[in-house]
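A.B. asks: Below are the C-alpha cells for one structure; questions will follow.
The values are calculated or read from the model by the stated rules, or taken from the named source; none is laboratory data. Every value quoted in this text rests on a predicted model; they were computed, and no experiment measured them. As a convention, Cβ positions derive from the backbone with ideal geometry for all residues, glycine included, and neighbour counts pool all protein chains shown. Please note that ligands, DNA and RNA were not included when accessible areas were found on the heavy atoms of the full protein model with its side chains. Shrake-Rupley method; radii C 1.70, N 1.55, O 1.52, S 1.80 Å.
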Amino acid sequence: MAQQDVVIIGGGISGLSLAFYCSQAGMKTTLIEKDKAVGGSFASHHYSSNGDSFWLELGAHTCYSSYQNLLGIVDACGIFDTIIPREKVPFTLLRDGEVKSFMSGLGIPELLVSAPNLFRLKKDNMTVKEYYSKIVGANNYSNTVSHFFNAVPSQVTDDFPADMMFKSRPKRKDVLKNYTFRDGLQSVAHAIAARKGIDVRTGSAAESVTISGGNYVVRTEDGQEYTAGSLALALPSAAASRLLQNVNQAVAHHLSLLKYADVDSVGVVVRKENVSLKPVAAIISPNDTFFSVVSRDTVKDDNFRGFAFHFRPGLDDNAKFKRISDVLGIGLPKIEHTFTKMNIVPSLRKGHREWARKADDLLAGARKLYLSGNYFGGMAIEDCVSRSHDEFDRMAGGK
Ligand SMILES: Cc1cc2nc3c(=O)[nH]c(=O)nc-3n(C[C@H](O)[C@H](O)[C@H](O)COP(=O)(O)OP(=O)(O)OC[C@H]3O[C@@H](n4cnc5c(N)ncnc54)[C@H](O)[C@@H]3O)c2cc1C
C-alpha cells in the first residue's frame, strides 16, 4: 500500500487519540488493531432480544469533567451530545454474604485520628499502602480501603506509586462531574476510528517491525505490510517490547522491565425481575475470587440489569459462574446472556516516574519512534490521551 506518514499499532484509546491528533494535522495515518473492533479496554458489549437492546461495559466505565483532552476529541468528533449522566448508586462492600455500605467497613475513631495526615503528608515516593495507611489508619486500610483501591486496576495495589492512583486535574465547568456515553464508551472509539484521514486496519495483529530504506515496515499476521517514516506503538508493554526487538533493542529491553496483570472479565445480563439486589455502582468483596463487580445500574434500563465481574486470572468457568450465581443470588438459567473479555493492565511500582523518564530519554535518541499507553502518566483514560497528545507534539516538532 502507499507509504504513510505514521503507522500506529494498537487501537485502544491511546492509539486512537494519537491517530486523531495525527490525522487532524493532515498526516497520512494508518492504525492497526488486532481485534475485530477498535476500543481495547473501551469494551461496550451489546445484547438485544425481541427488540430490546442493552449494553454492558467490560472495561472502562466512567469519565470525569477533568478529562479535558478526551473531551476535546469528543467535541471534535461531534458526539458531545451523547454524554449522559451516571445514576447516583452506591459503591458497596460484600462481607459475610451481605451487601453493605462502604462506610460500614470503616472504623470511625481510627479515621478521625488519621485524617489530619491528609494535610501533612505528600504522596511523592510513597506506595499506596504507605500513604493511605496513614490517611485512613492501618486497620481501615487493610480491612476495607485497600480492596477498593485493588478494584481500580483489578490487582493488588499495595505497591503502586501513591501519586499515580488518583490524580487531581483541572476540571471543565460545563461538563458533568462524572459521565458515560449513550451507547457506552466504545462508541467514542468508533467515532474516532470513523474520522476522515485515519486508515483503520482491524482483525490482524502486527507481528513484526523492520526498517527498510529509512522507513518502518510493519507486517501483520495476514501478510500485509505497512510502511511509514514514523512508528507509534500504543500496546501493552510486553507486546510493544516484542515488536521492537529488531528495530530498537534498548527501548525493547526497557519496556520488558514493566510488570502487568491480566484481568479476566465476565459480563452477565439478567432480566430486572430476576435479581433482587438493590441498585449498586459496584460490589467489592475483600479477598474474593474477583476484584470488583461493576454494574450497569448507573444507566437505568427498563428490562435488563448487567454486571461485569473482574476476576483474578486462572479460574475455570465453573468457579466463575458459581461465584456469579452466589453473589447475584440467582440460578444460572436466569442469566440471559454472557460476555467475556481479557484486558491487560500495567502493574506500576514505586519509582515508575524514573522508568518513564528513562523511556523518554531513549525515545529522544530513537529514529521517529513514539510510544503511548497506560503505563506513562497513569492508567486513567485521560492519562492515556495526554500521553498521546505529548507524543503527537514531539512528532509534529520533528523530534
Ligand atoms: C476493567 C477496566 C476498567 C477500567 N475503568 C476505567 C474507568 O472507569 N475510567 C478510567 O479513566 N479508566 C479506566 N480504566 C483504565 C483505562 O480504561 C485503560 O488504561 C485504557 O483504556 C487503556 O488504553 P490503551 O489504549 O493504552 O490500552 P488498551 O485499551 O489495552 O489497547 C491496546 C490495544 O492494542 C491491541 N493490540 C495488542 N497487541 C497488538 C498487536 N500485536 N497488533 C495490533 N494490536 C494489538 C489490543 O487488542 C488493544 O486493543 C479501566 C481499565 C480496565 C481494564
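A.B. asks: If residue 161 meets every condition in (1) open to solvent by 50 Å² or more (accessible area, probe 1.4 Å); (2) under 24 Å from the mean Cα position of the chain (by Cα); (3) over 23 Å from residue 264 (Cα atoms) apart from one, which number is that one?
C.D. replies: (1)
A.B. asks: Within the range 307-328, can one find any residue that is open to solvent by 40 Å² or more (accessible area, probe 1.4 Å), in a helix (DSSP H, G or I), within 30 Å of residue 21 (Cα to Cα) and touching a residue at least 12 places away in the same chain (Cβ under 8 Å)?
C.D. replies: Within the range 307-328, none of the residues are open to solvent by 40 Å² or more (accessible area, probe 1.4 Å), in a helix (DSSP H, G or I), within 30 Å of residue 21 (Cα to Cα) and touching a residue at least 12 places away in the same chain (Cβ under 8 Å).
A.B. asks: Say we look at the range 354-378 and pick out the residues that are open to solvent by 50 Å² or more (accessible area, probe 1.4 Å) and either within 10 Å of the ligand (Cβ to nearest atom) or touching a Gly at 6+ places or on another chain (Cβ under 9 Å) (or both); which of these is modelled with the highest pLDDT?
C.D. replies: Out of the qualifying residues, it is 368.
A.B. asks: Right, here's the next one. Only one residue in 54, 80, 91 is more than 30 Å from residue 235 (Cβ to Cβ), under 22 Å from the mean Cα position of the chain (by Cα) and more than 14 Å from the ligand (Cβ to nearest atom), so which one is that?
C.D. replies: Sole residue among the options that is more than 30 Å from residue 235 (Cβ to Cβ), under 22 Å from the mean Cα position of the chain (by Cα) and more than 14 Å from the ligand (Cβ to nearest atom): 54.
A.B. asks: Then there's this: Take residue 145 and tell me if it is hydrophobic (A, V, I, L, M, F, W, C) and either within 11 Å of the ligand (Cβ to nearest atom) or not in a helix (DSSP H, G or I) (or both).
C.D. replies: Criteria not met by residue 145.
A.B. asks: Counting residues that are under 30 Å from residue 266 (Cα atoms), which helices (runs of 4 or more DSSP H) fully inside the range 1-115 reach at least 3?
C.D. replies: Because the criterion is at least 3 residues that are under 30 Å from residue 266 (Cα atoms), the helices (runs of 4 or more DSSP H) in the range 1-115 that meet it are 13-24, 68-76.
A.B. asks: Can you tell me which residue in the range 343-353 is nearest to the ligand (Cβ to nearest atom), limited to those that are buried (at least 19 other Cβ atoms within 10 Å of the Cβ) and within 19 Å of residue 251 (Cα to Cα)?
C.D. replies: 346
A.B. asks: Looking at the range 28-48 only, could you name the residues that are open to solvent by 20 Å² or more (accessible area, probe 1.4 Å) and small (Gly, Ala, Ser)?
C.D. replies: 37, 40, 41, 48
A.B. asks: For the range 186-243, how many residues meet the condition of being charged (D, E, K, R), within 26 Å of residue 70 (Cβ to Cβ) and within 11 Å of the ligand (Cβ to nearest atom)?
C.D. replies: 1
A.B. asks: Say whether the condition of being of a type in the set (Val, Ile, Thr) and open to solvent by 50 Å² or more (accessible area, probe 1.4 Å) is met by at least one residue in the range 208-231.
C.D. replies: Scanning the range 208-231, I find at least one residue that is of a type in the set (Val, Ile, Thr) and open to solvent by 50 Å² or more (accessible area, probe 1.4 Å), so the answer is yes.
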